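Notes to accompany the following structure.
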Amino acid sequence: MIIVLKPDCSDEQIAHIEKQIESLGLKPELSRGVQRTLIGVIGEEDVLSNAPLGAFPGVEKVMPILKPYKLASRDFQIEDTVIDLGRGVSVGGGSLGMVAGPCAIESREVLLEIGQAVRDAGANILRGGAFKPRTSPYSFQGLGEEGLKILRDVGDELGMPVVTEVMDPRQVELVDRYTDVFQIGARNMQNFNLLSEVGQMSRPVMLKRGMSATVGDLLMSAEYILAQGNRQVILCERGIRSFEDSTRNVLDLAMVPNVKQTCHLPIIVDPSHATGRPELIPAMARASVAAGADGVHIEVHTCPEQSLSDGPQALLPEQYAEVMASLKQLAELCEKVIPVPGEGGDAV
Ligand code: PEP
Ligand code: MN
């Protein structure tokens, strides 16, 4: 249920309503918007339908949330969620998060070289995997904590927020010590224990769409994180499986405007994993921004042939710089900004 508060509802009245909701065994979720302040009420359906929510002072009206996802819905929050990643970088509400870096962290030297190049090109979030979800158990699995240390160190040296994948609830505390943003990979989108665990942390989460997940499944997974109290979820479209096999996955670009109609969370598009083909990435990156995405996620490597993971889909730094030059123009056209890390979010 959504409680729409009267414009003059006082803080005391809000506190009273929240207390009463809790005493009914329900959970109040306050959303202070520019236009209206709402309280989402989450709980068991039969308790909810009998709760006298309209009777509290300060309440204008009570409406059911018809969608299965509640906190992720625009019924609960009309305005776009804007997520502050630190270092002057935010994602959503007109700010684009440009995530770039190698698939896996391989060494400090390589990550620093790639990080420097992508930052110079305009990237504002550095990526790199320390725990890699590989199809084969015989493939490189990542450097683990050593990799996390390298990522933190390089991120600090370059003044960029960093994102890295966490694969297991038991790794959450460890990854939390080093990263700015948790990445939940496609293969773990429905690892509900992991989602609940990162939902209890205070860092933003980039949630990648599962390769066989519908848009509805993705939003329900986001809801798991939000329901634990972590409101900082960035969705990431990375392509889905279909009968088409000329690209690694099929990029569902329509999901961007589709999800934006009903959900307030920012969405980043990953054309690297979606296509698996470097020559297709620039066009799909531009299409993503044109479709209204809040950022683009691209894998970059200085020597793709020596890369220990996803080398064939990596862009060279100079190719990335070329894509970014066109994305900057496009961002301007779409009245979006690409925050520069360390410069308080200035536009480029
Ligand atoms: C990755 O980002 O390197 C990755 C493994 O992505 P996905 O989970 O989308 O396959
Ligand atoms: Mn990868």
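Computed from the coordinates by the stated procedures, all read-outs in this text should not be read as laboratory data. This is a predicted model, so every value here is computed, not measured. No Cβ is skipped: glycine too gets one built from the backbone with ideal geometry, and neighbour counts run over all protein chains shown.
Between Pro68, Pro317, Pro52, the Gaussian network model of the chain with springs among Cα atoms under 10 angstrom shows the greatest mean-square fluctuation at Pro52. Computed over the chain, the Cα gyration tensor eigenvalues convert (square root of 5λ each) into semi-axes of 37, 21, 19 Å, ordered from largest to smallest.
Spin-label model, Phe243/Glu173: points 7 Å from Cα along the beta carbon direction are separated by 5.0 nm. Which of the lysines could a cross-linker span from Lys328 if the Cα-Cα distance has to be under 28 Å and same-chain partners fewer than 8 positions apart are dropped? Answer for Lys328, where 28 Å is the Cα cut-off: Lys208, Lys260, Lys336, listed by chain and number. Of the residues Phe131, Phe182, Phe140, the one that moves most in a GNM of the chain with alpha-carbon contacts below 10 Å is Phe140. Percent of Cα pairs in the range 1-140 per distance bin of 5 Å, from zero to the largest separation: 2, 9, 14, 14, 11, 8, 8, 9, 9, 8, 6, 3, 0. In summary, the helical segments of the chain meeting the span-like criteria, namely a full DSSP H run, a Cα extent along the axis of 15 angstrom or more and a mean Kyte-Doolittle hydropathy of at least 1.0, are 215-227.
Return one quarter of the surface area of the convex hull spanned by the alpha-carbon atoms of the range 111-259, equal to its mean projected area, in nm². Walk me through the numbers before you get to the answer.
Details: hull surface 39.4 nm².
Convex hull of Cα atoms, orientation-averaged projection: 9.8 nm².
What ranking of Val82, Val163 emerges when the number of other C-beta atoms within 10 Å of each C-beta is taken as an exposure proxy, fewest first?
With the sparsest Cβ surroundings first, the list reads Val82, Val163.
Among Ser242, Ser23, Ser221, the largest mean-square fluctuation in a Gaussian network model of the chain (Cα springs under 10 Å) belongs to Ser23.
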